[in-house]
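Undergrad: Attaching a single structure in structure tokens format; questions to follow.
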Amino acid sequence: APKAAPVNKVSQYACQRRTTTENYNKIFTDAFEVLAENYEFNDIEGRCLAFRRAASVLKSLPSAVQCVEATQDLPCLGEHTKAVMKEILQYGRSFEVEKILSDLRCQTLKLFTSVFGVGPKTAEKWYRRGLRSFSDVLAEPSIHLNRMQQSGFLHYGDISRAVSKAEAQAVGNIIDEAVHVITPNAILALTGGFRRGKDFGHDVDFIVTTPELGQEESLLIDVIDYLKKQGLLLFTDHQASTFDISKLPSHKFEAMDHFAKCFLILRLESSQVEGGLQRSEGDSRNWRAVRVDLVSPPMDRYAFTQLGWTGSRMFERDLRRFARLERQMLLDNHALYDKTKKEFLTATTEKDIFDHLGLEYIEPWQRNA
Ligand code: 8DG
Ligand code: MN
Ligand code: MN
């Protein structure tokens, strides 16, 4: 009898899978995302994560799943996810997903959380007060919008439209100039979704730092000042560094880091973008608002920050989970700690971190888990 082909088992960890932006199973993963978000709105974290994990596994496959039997050897796919897939394979759609999409509460929470600065908690609060639309919210005198939310509403149209690669490139040029006028030898690197090779993003993410330790401390403030003077800043939220190396390893190796960072809304002129801005019909403005995130770690933390900010969120989550469960190590955006040896492991490149973890190197464009 012919020998069975060696089975290349798909890992349950996203950091052991190569996931490009090419998704052959979008009909399934879009449905899973609707279900996951619905569980998130209803505070059922376990099920939310289960559907996000299932979607992530399907995204890593080299072709479309044609029948449920083909998912037999895949990890992270439970009864519920398989039932949804079966429905989609049979009818081209999932009735459970359609029910959620037609649900007023879900629609409203989705609408409210699409505003910059509005999270699920605020959205829920507004919904409970009987508010159903932006005009409801804006007309309600008892509601106080914070600065971020005010900007979110003010620039809603622009911010909710995806940022193109050409626009991200133009933003990069602006940040590059600002950073290097202030510190000629500063280091600027693209991170986030655009580093993973995505064609569109909800924002543009950068790491900025200096070769000399400590010099990075004032860098972001100076960059913000410089951009402000040029009239390019529509919104700024600067968070000073709370990073304290002596407090590592922290008990909660959390998703958020303690480096200096800023969340910006930048004014991007059409003339700065190669090929100009993509405008919707009837819009004659020659500029658009773009969300930009900058993070500024000390140089000796660069590799950890780059690995942490490149994403995707599922890739990050599983890197940490893998480190903890398979290697007894703690990983976050600041450091990698070996609990067995009771020591920190140093890294100057992302590759160093993969090596410490005993993982094959995964390129940024293969981290779209
Ligand atoms: P997108 O913007 O194209 O939608 O995708 P993305 O680039 O992958 O998402 P993102 O929301 O911009 O986040 C990029 C990475 O930044 C993500 O892996 C999580 C990471 N990140 C941290 N800390 C923080 C933080 O404090 N705030 C934010 N906004 N992101 C952070 O590691
Ligand atoms: Mn991003
Ligand atoms: Mn971001």
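The values are calculated or read from the model by the stated rules, or taken from the named source; none is laboratory data. From a predicted model like this one, the values you see are computed outputs, not experimental measurements. Here Cβ is always computed from backbone atoms with ideal geometry, including for glycine, and neighbour counts include all displayed protein chains. For the accessible areas, the whole protein counts, side chains as well, though only heavy atoms, and no ligand, DNA or RNA atoms are used. Shrake-Rupley method; radii C 1.70, N 1.55, O 1.52, S 1.80 Å.
Undergrad: Report, by residue number, each residue of region 38-81 that is touching a residue at least 60 places away in the same chain (Cβ under 8 Å) and at positive phi.
TA: Cys76
Undergrad: Got a number for residues in region 187-210 being part of a loop (DSSP other than H, G, I, E, B) and open to solvent by 60 Å² or more (accessible area, probe 1.4 Å)?
TA: Total satisfying the criteria: 3.
Undergrad: Condition first: exposed (fewer than 10 other Cβ atoms within 10 Å of the Cβ) and not in a helix (DSSP H, G or I). Now tell me which residues in region 68-102 satisfy that.
TA: The answer is Gln72, Gly92, Ser102.
Undergrad: In region 6-25, how many residues are aliphatic (A, V, I, L, M) and open to solvent by less than 20 Å² (accessible area, probe 1.4 Å)?
TA: 1
So that you can scan it fast, the table gives a plain yes or no per residue for (1) open to solvent by 20 Å² or more (accessible area, probe 1.4 Å); (2) part of a helix (DSSP H, G or I); (3) closer than 30 Å to Leu234 by Cβ:
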residue	(1), (2), (3)
Arg279	yes, no, yes
Arg285	yes, no, yes
Val290	no, no, yes
Phe304	no, yes, no
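Undergrad: Hey, another quick one. Restricting the first residue to region 148-162 and requiring it to be free of Cβ contacts under 8 Å to residues at least 24 places away in the same chain and within 14 Å of Asp283 (Cβ to Cβ), which pairs with a second residue that is among the acidic types (Asp, Glu) and in a loop (DSSP other than H, G, I, E, B) meet a Cβ separation below 9 Å and a spacing of at least six or different chains?
TA: Pairs found: Gly157/Asp283.
Undergrad: If I ask for residues that are farther than 25 Å from Pro62 by Cα and touching a Lys or Arg at 6+ places or on another chain (Cβ under 9 Å), which ones from region 341-368 would you list?
TA: His356, Leu357
Undergrad: Find all pairs meeting these conditions: Cβ atoms under 6 angstrom apart; at least six residues apart or on different chains; first residue within region 196-212 and among the hydroxyl-bearing types (Ser, Thr, Tyr); second residue more than 14 Å from ligand 1 (Cβ to nearest atom).
TA: Filtered contacts from region 196-212: Thr209/Ile187; Thr209/Glu216; Thr209/Met299; Thr210/Thr183; Thr210/Ala186; Thr210/Glu216.
Undergrad: Also, I was wondering about something else. Any residue at all in region 246-257 that is in a strand (DSSP E or B) and open to solvent by 30 Å² or more (accessible area, probe 1.4 Å)?
TA: no
Undergrad: Among (1) within 24 Å of the chain's Cα centre (by Cα); (2) surrounded by fewer than 16 Cβ atoms within 10 Å (Cβ to Cβ); (3) not basic (Lys, Arg), which single condition is Phe243 missing?
TA: (2)
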